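Just below is one structure, and these are the notes that go with it.
The values are calculated or read from the model by the stated rules, or taken from the named source; none is laboratory data. For clarity, every value in this text was computed on a predicted model and none was experimentally measured. Because the Cβ atoms are built from the backbone with ideal geometry, glycine has one as well, and the counts that use them run over all protein chains shown. Heavy atoms of the whole protein, side chains included, go into the accessibility calculation; ligands, DNA and RNA do not. Shrake-Rupley method; radii C 1.70, N 1.55, O 1.52, S 1.80 Å.
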Amino acid sequence: MKINLIAIAYLIASIFFILSLRGLSSPLSARRGNLFGVIGMAIAIVATLTMTKNWELIILAVAIGGTIGTIVARRIEMTQMPELVAAMHSLVGLAAVLIAISAVNNPNAFGIFSETGGLPLINRLELFIGTFVGAITFSGSIIAFGKLSGKLKSAPVVYWGQHQLNLVIALAMLGFGFVFMVTEHWLPFIVMTCLAFVLGILIIIPIGGADMPVVISMLNSYSGWAAAGIGFSLNNTMLIISGSLVGSSGAILSYIMCKAMNRSFFSVILGGFGGDSEGPSAETGAKNHRSGSAEDAAFLMSNAESVIIVPGYGLAVARAQHAVKEMAEKLTLNGVKVRYAIHPVAGRMPGHMNVLLAEAEIPYDQVLEMDEINSDFSTTDVVLVLGANDVVNPAANVPGSPIHGMPILDAYKAKTVLVVKRSMAVGYAGLDNDLFYMDKTMMIFGDAKKVVEGIVKN
């Protein structure tokens, strides 16, 4: 394929990628957005294959990777989707590092030439940036995967001098990268890469499980910038465009997540939040709560005019979305107005709850974001909280609270609140929830799916 035709193919693929991001901005168009992304990637792959003589090996590699990816995606549960995303981010970062190593080892094979031989200075800078961002993305994503999957402690890992150590390592990494740019020697490049791997670990370990949605979007951004950096080195416009789209969209999503959690965007980028203390601890004083049963919940909701359902990670663990849809349909037939309230960071990754509800084919017009529905809680008869905790905790409104300022769903303003949980255990933020002890609140203990099925039967 001629160079101008390849450029046109890349342009068309880029347009599909942009349409994909546009489609993914709404649950109504998400499927179409995914389709656009697949089409764009297929065009980009075909165009790239025409630029190499060894396309047979590339097709073999794509077939092997595609087969493995298909098998893993089919076996993964919806509750495991966040750690799968983290694992995919790690592979993007590792790919950037491996490509950079290959380019440094044999620049001629990548069409990178210099009048004096070796790598041109600008390419060394691009490879340096792509390598350390890719390395940080890889090791950081591995830690995120461990925290999300429960293989590593989800609580923040903090120690004295943590930020100072991170700063020293970061400066050393940049220093060795500068030496590589000047000398083009392997040793500073290897040391710089190793330090980046270590830094990726250190900036993620102080981040607790409650902040994992932000970490996921942040690592998504890092993986995009790593790809874009390598794209500049290889003079591949498709990598530059797609990497920049992923990097910028991930950064925007991170900013939105930070606003939703009242976090500092720059402290997230630097891996700072969650690392200044050992985290809040649950209150241990004796408190009284009111408990009830599925039968009580069924009676209260069937006699209500309006019900808002607040899904959380407990719903995902119990895989209760289909039972919830059946319950909502039954209530609707009885004349009850049913809606769903989604907090931006509910679950373990951005959009986690939206995906779960979409899987159960719950009508999109019933699923509302926090800003759209928060003003309606005060006029709602019953709020049913399913496995959510921190996102409905009124402590966010109390000055001095560790989560003070975090926007929450105002479930506490409803006339009656039903909370389905396995126990009175605290959420990821480690805080007791004042909502659970209000006179208007009834706690229903048990597996979310079984409780909802019990409500349906009554």
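Quick one: is LEU431 over 24 Å from ALA304 (Cα atoms), hydrophobic (A, V, I, L, M, F, W, C) and surrounded by 21 or more Cβ atoms within 10 Å (Cβ to Cβ)?
Taking the combined requirement at face value, the residue satisfies it.
Say we look at the stretch 14-29 and pick out the residues that are among the aliphatic types (A, V, I, L, M) and in a helix (DSSP H, G or I); which of these is surrounded by the most Cβ atoms within 10 Å (Cβ to Cβ)?
Looking at the filtered set, the residue picked out is LEU19.
Considering the stretch 1-28 alone, what residues qualify as being within 27 Å of ALA358 (Cα to Cα) and at pLDDT 80 or above?
ILE15, PHE16, PHE17, ILE18, LEU19, SER20, LEU21, ARG22, GLY23
Being within 24 Å of ILE99 (Cα to Cα), assigned to a helix (DSSP H, G or I) and either open to solvent by 60 Å² or more (accessible area, probe 1.4 Å) or of a type in the set (Lys, Arg) (or both): is that true of PHE189 here?
Criteria not met by PHE189.
For the stretch 322-366, what are the residues that are open to solvent by less than 30 Å² (accessible area, probe 1.4 Å), more than 20 Å from VAL214 (Cα to Cα) and modelled with pLDDT of 90 or more?
Within the stretch 322-366, ALA323, VAL324, MET327, ALA328, LEU331, VAL336, VAL338, TYR340 meet the criteria.
Taking SER375 as meeting all but one of (1) open to solvent by 20 Å² or more (accessible area, probe 1.4 Å); (2) in contact (Cβ under 8 Å) with a residue 40 or more places away in the chain; (3) part of a helix (DSSP H, G or I), write down the number of the exception.
(2)
Any residue in the stretch 47-54 that is buried (at least 21 other Cβ atoms within 10 Å of the Cβ) and either farther than 30 Å from PRO344 by Cβ or touching a residue at least 40 places away in the same chain (Cβ under 8 Å) (or both)?
no
If VAL426 passes every condition in (1) surrounded by fewer than 19 Cβ atoms within 10 Å (Cβ to Cβ); (2) within 30 Å of GLY23 (Cβ to Cβ); (3) of a type in the set (A, V, I, L, M, F, W, C) but one, which one does it miss?
Looking at each condition in turn, VAL426 falls short on (2).
Do you know which of the residues in the stretch 433-458 that are in a loop (DSSP other than H, G, I, E, B) and polar (S, T, N, Q) is farthest from LEU418 (Cα to Cα)?
ASN458
Return yes when ASP410 is touching a Ser or Thr at 6+ places or on another chain (Cβ under 9 Å), open to solvent by less than 50 Å² (accessible area, probe 1.4 Å), closer than 24 Å to GLN321 by Cβ and free of Cβ contacts under 8 Å to residues at least 60 places away in the same chain and no when it is not.
yes
Can you tell me which condition VAL157 does not meet? The list is (1) surrounded by 16 or more Cβ atoms within 10 Å (Cβ to Cβ); (2) part of a helix (DSSP H, G or I), and all the others hold.
Failing condition for VAL157: (2).
Of these, VAL168, VAL179, VAL198, VAL214, which one is of a type in the set (Val, Ile, Thr), open to solvent by less than 60 Å² (accessible area, probe 1.4 Å) and part of a helix (DSSP H, G or I)?
VAL214
Determine whether the stretch 30-38 contains at least one residue that is in contact (Cβ under 8 Å) with a residue 12 or more places away in the chain, within 27 Å of ASN4 (Cα to Cα) and assigned to a loop (DSSP other than H, G, I, E, B).
For the stretch 30-38, residues in contact (Cβ under 8 Å) with a residue 12 or more places away in the chain, within 27 Å of ASN4 (Cα to Cα) and assigned to a loop (DSSP other than H, G, I, E, B): absent.
Name the residues in the stretch 343-366 that are among the β-branched types (Val, Ile, Thr) and either assigned to a helix (DSSP H, G or I) or farther than 25 Å from PHE436 by Cβ (or both), would you?
Matches in the stretch 343-366: VAL355, ILE362.
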